[in-house]
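The values are calculated or read from the model by the stated rules, or taken from the named source; none is laboratory data. Bear in mind that the values here come from a model prediction, so they are computed numbers and not experimental data. Virtual Cβ from ideal backbone geometry, glycine too; neighbours counted across all protein chains shown.
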């Protein structure tokens, strides 16, 4: 795992592919649903944050999850562009 991957995603790109892009949700509903799930989780974490107690850990987790969602979308776009 590269330093970029650690800082950006908290895991390797291969782990993203393995853990997010090959599961049952992908098979049943597609990558779009996986991304929607990630975004919903981030949204929920933001709504649960206590504004009087800032949490850099949750902010960092949310940031990395959003980066994972963007990575999945970018991979999907590249696949579609190659097929065209």
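When the residues of region 7-49 are filtered to those that are under 16 Å from residue 60 (Cβ atoms) and either more than 13 Å from the chain's Cα centre (by Cα) or surrounded by fewer than 12 Cβ atoms within 10 Å (Cβ to Cβ) (or both), which remaining residue is modelled with the highest pLDDT?
7
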May I ask you to say which residue of 76, 65 is at pLDDT below 95 and either exposed (fewer than 12 other Cβ atoms within 10 Å of the Cβ) or touching a helix residue (DSSP H, G or I) at 6+ places or on another chain (Cβ under 9 Å) (or both)? 76
